[in-house]
Amino acid sequence: MIIDKVMRDALLGLTKKKVYLEGNILKVIKPESGDTEFDQYLQDCKKRDVDSRKKRLEVTKQVQSQNTELIAAQKENERVNKQLTKALDEAKASKAEAEKLRDEAVEDLDALQKRTQFELMSQIVKVALYVIVGVGVLTTALYVFVLSMGMDAKIIESTWSNLFGILLTNSFSIIGTIMGVKYASEKE
C-alpha cells in the first residue's frame, strides 16, 4: 500500500509531536521509490513497535509472575487461616474441657467437705451422747447406792432430777447447734 503525498506529510508531521504508527499497518505500507525520508520513518516506526511490544510483553510477564505469587500467597494465607481456625477450635474445646474438669473437681471437693462435716458432726454427737449417758448412768448409780444404803436421799434426789434435766437440755442444744451449723453452711 502506497500512501499519497498529503498523508505522508501528515504522518511525518506527527513525529514532531512524537506520534508514530505501530502495529500490523506497518507491514502493508510501502514508501515510494527514492523516498528515503519516509522509508526511514517507517523503519523507525517498526523499531518503536518492536520495542513497545517487548515492553508490553515484559509487563505482561511481570503481571503474570506477580499474579502467580499472589495466588501462592493466597493459598498460603488460606492454609494459615485454616490452621488458626483449627487451633482456635481446639483451644475452645480445651477450655470447655478444663471448665468441665474444674466443675467436677469443685463438685468432688464439695462432696468431700460435706462428708467430712457429716463425719465430724457424727463424732461430736456420739461423744456428747456418751458423756450424757455416762453422767446419767453415774448419777443413777450413785442415787441407787444411796437408796440401797438407807441414807437420806433428799439432796441426791433433787440433784439427780436437776442433772437429768440439764443433761437433756444440753443434749438437745448440742444437736440443735450442730444441725443449725449444717444447714447454715449449705449454699442455698
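The values are calculated or read from the model by the stated rules, or taken from the named source; none is laboratory data. What you are looking at is a predicted structure, and each value in this text was computed from that prediction instead of being measured. In this analysis, Cβ positions are derived from the backbone assuming ideal geometry, glycine residues included, and neighbour counts consider all displayed protein chains.
Among all residue pairs at least 6 apart or on different chains, which show Cβ distances below 7 Å where the first residue, located in segment 145-165, is over 18 Å from Ile132 (Cα atoms) and the second is small (Gly, Ala, Ser)?
Listed by first residue and then by second, the contacts come to Val146/Ala153; Leu147/Ala153.
Say we look at segment 110-165 and pick out the residues that are modelled with pLDDT under 80 and of a type in the set (D, E, K, R); which of these is farthest from Ile178 (Cα to Cα)?
Asp152
Being more than 16 Å from Met1 (Cα to Cα) and part of a loop (DSSP other than H, G, I, E, B) is the filter here; which residues of segment 12-33 pass it? Quick ask: steps written out before the conclusion?
At the first step, the residues of segment 12-33 found to be more than 16 Å from Met1 (Cα to Cα) are 12-20.
Residues satisfying the conditions are Lys18, Val19, Tyr20.
List every residue pair whose Cβ atoms lie under 9 Å apart, where the two residues are 6 or more positions apart in sequence or sit on different chains, the first residue falls within segment 1-21 and is over 16 Å from Asp44 (Cβ atoms) and without any contact (Cβ under 8 Å) to a residue 40 or more places away in the chain, and the second residue, located anywhere, is β-branched (Val, Ile, Thr) and assigned to a helix (DSSP H, G or I).
Met1/Ile25; Met1/Val28
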